[in-house]
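J.: First, the structure itself, so that you have it in front of you.
The values are calculated or read from the model by the stated rules, or taken from the named source; none is laboratory data. Computed from a predicted model, the values in this text were never measured in an experiment. Because the Cβ atoms are built from the backbone with ideal geometry, glycine has one as well, and the counts that use them run over all protein chains shown.
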Amino acid sequence: MRQDDHSAFDPEARSRTRPDHRGQDPLPASLARTRVVELLKRVRVPAAETRVNDYPHQFSGGMRQRAMIAMGLSNEPSLLIADEPTTALDVTVQAQIIQLMKTLNRELGTAMMLITHNMALVASLCQRVVVMYAGRVVEEGPVDQIFQNPQHPYTWSLLRSVPRVDEARKDRLVSIRGLPPDLVSPPPGCKFHPRCPFVIDKCKTDPEPQLLEVATNQVARCWVLMRNVSQEDVAAAKTSVVSVEAAQKLKQEATSEESGIAGR
């Protein structure tokens with residue numbers, strides 16, 4: 001499943017022409033229509049017999065997402081890879097798509113791999129999570145375990161940068177300072193160290209460690225690990241948010257740089 005549902009469809013093709021049977025002989029037109037209707041019903045598209053004649057622009061964002069899921073399921077795969085399946089959908093439609101994917105996973109036995117920044121989606125759909133930074137796996141483990149006891153500072157920062165509705169939060173949300181690294185010319189040592197609130201000298205100079213077991217079924221790639229960070233340092237990281245004045249100054253500097261580039 002592609003991230004952008006608009007690019008997944010031919011704007012001049014009706015739904016009835018879209019079963020994805022790559023690697024197989026094409027279906028006759030009559031069978032293709034029947035198959036598309038069956039797939040649209042499977043993903044809960046209302047009035048599938050008539051919607052099969054519609055063009056992509058006649059579908060809402062949620063309906064296009066359902067149609068894209070149907071395309072992914074047309075070959076009855078054992079694994080479905082979904083890239084940001086809830087992008088650009090409002091909260092209500094996101095909940096419907098999440099529930100649909102849960103149902104399909106249960107009914108069809110299809111394994112699903114989600115590529116996403118949506119932590120709520122991970123928490124509600126996944127059993128295991130792999131956290132990546134700068135193209136490298138930095139932590140992996142069961143979802144509940146990672147959410148409750150993250151060991152890599154990047155995972156810890158990610159989880160504290162979004163609001164949680166399942167717990168009372170007294171701390172302010174934590175912003176991850178800086179920008180992702182330039183992968184053409186990455187920083188030495190750990191790629192996260194320029195942004196890490198718990199960085200030590202070893203992080204800046206030594207090669208990144210291997211993924212090491214930090215708990216049962218949980219591994220992380222870090223010289224520090226959150227279990228070794230003092231409560232004082234954790235508290236300091238939680239309160240080290242950028243002030244309004246500093247944020248305005250950074251914005252002005254960025255605007256000045258953009259103006260300078262545009263004027264060249």
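J.: Over 21 Å from Val214 (Cα atoms) and surrounded by 17 or more Cβ atoms within 10 Å (Cβ to Cβ) - does that describe any residue in the range 158-174?
T.: There is at least one residue in the range 158-174 that is over 21 Å from Val214 (Cα atoms) and surrounded by 17 or more Cβ atoms within 10 Å (Cβ to Cβ).
J.: For the range 99-150, name all the residues that are surrounded by 14 or more Cβ atoms within 10 Å (Cβ to Cβ) and in a loop (DSSP other than H, G, I, E, B).
T.: Thr110, Thr116, Asn118, Cys126, Ala134, Asn149, Pro150, listed by residue number.
J.: Further, regarding this structure: Of the conditions (1) assigned to a helix (DSSP H, G or I); (2) of a type in the set (Ser, Thr, Tyr); (3) under 30 Å from Arg195 (Cα atoms), Thr87 fails just one. Which one is it?
T.: In the conditions (1) assigned to a helix (DSSP H, G or I); (2) of a type in the set (Ser, Thr, Tyr); (3) under 30 Å from Arg195 (Cα atoms), Thr87 misses (1) alone.
J.: Quick check, is Ser240 more than 21 Å from Val131 (Cα to Cα) and modelled with pLDDT of 90 or more?
T.: No, not satisfied.
J.: All but one of (1) within 24 Å of Ala235 (Cβ to Cβ); (2) in a loop (DSSP other than H, G, I, E, B); (3) hydroxyl-bearing (Ser, Thr, Tyr) hold for Ser185; state the number of the condition that does not hold.
T.: Status for Ser185: all satisfied but (1).
J.: Next up: Would you call Glu208 buried (at least 16 other Cβ atoms within 10 Å of the Cβ), in contact with a Gly (Cβ under 8 Å, 6 or more places away or on another chain) and of a type outside the set (Val, Ile, Thr)?
T.: Yes: the conditions hold for Glu208.
J.: Has the range 50-62 got any residue that is polar (S, T, N, Q) and outside any helix (DSSP H, G or I)?
T.: The initial filter retains those residues of the range 50-62 that are polar (S, T, N, Q), namely 50, 53, 58, 60.
This time we only want the ones that are outside any helix (DSSP H, G or I), so: 53, 60.
Yes, the conditions are met somewhere in the range 50-62.
J.: Same structure again: What's the total number of residues in the range 28-48 that are surrounded by 12 or more Cβ atoms within 10 Å (Cβ to Cβ) and free of Cβ contacts under 8 Å to residues at least 24 places away in the same chain? Outline the logic, then answer.
T.: Going through the range 28-48, the residues surrounded by 12 or more Cβ atoms within 10 Å (Cβ to Cβ) turn out to be 32-45, 48.
In the following step, the residues that additionally are free of Cβ contacts under 8 Å to residues at least 24 places away in the same chain were identified as 32-34, 37-38, 41, 48.
Summing the residues that are surrounded by 12 or more Cβ atoms within 10 Å (Cβ to Cβ) and free of Cβ contacts under 8 Å to residues at least 24 places away in the same chain in the range 28-48 gives 7.
This table checks each residue for (1) surrounded by fewer than 16 Cβ atoms within 10 Å (Cβ to Cβ); (2) in contact with a helix residue (DSSP H, G or I) (Cβ under 7 Å, 6 or more places away or on another chain).
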{"position": "Ala67", "(1), (2)": "no, yes"}
{"position": "Pro77", "(1), (2)": "yes, no"}
{"position": "Ala82", "(1), (2)": "no, no"}
{"position": "Thr86", "(1), (2)": "no, yes"}
{"position": "Gln94", "(1), (2)": "no, no"}
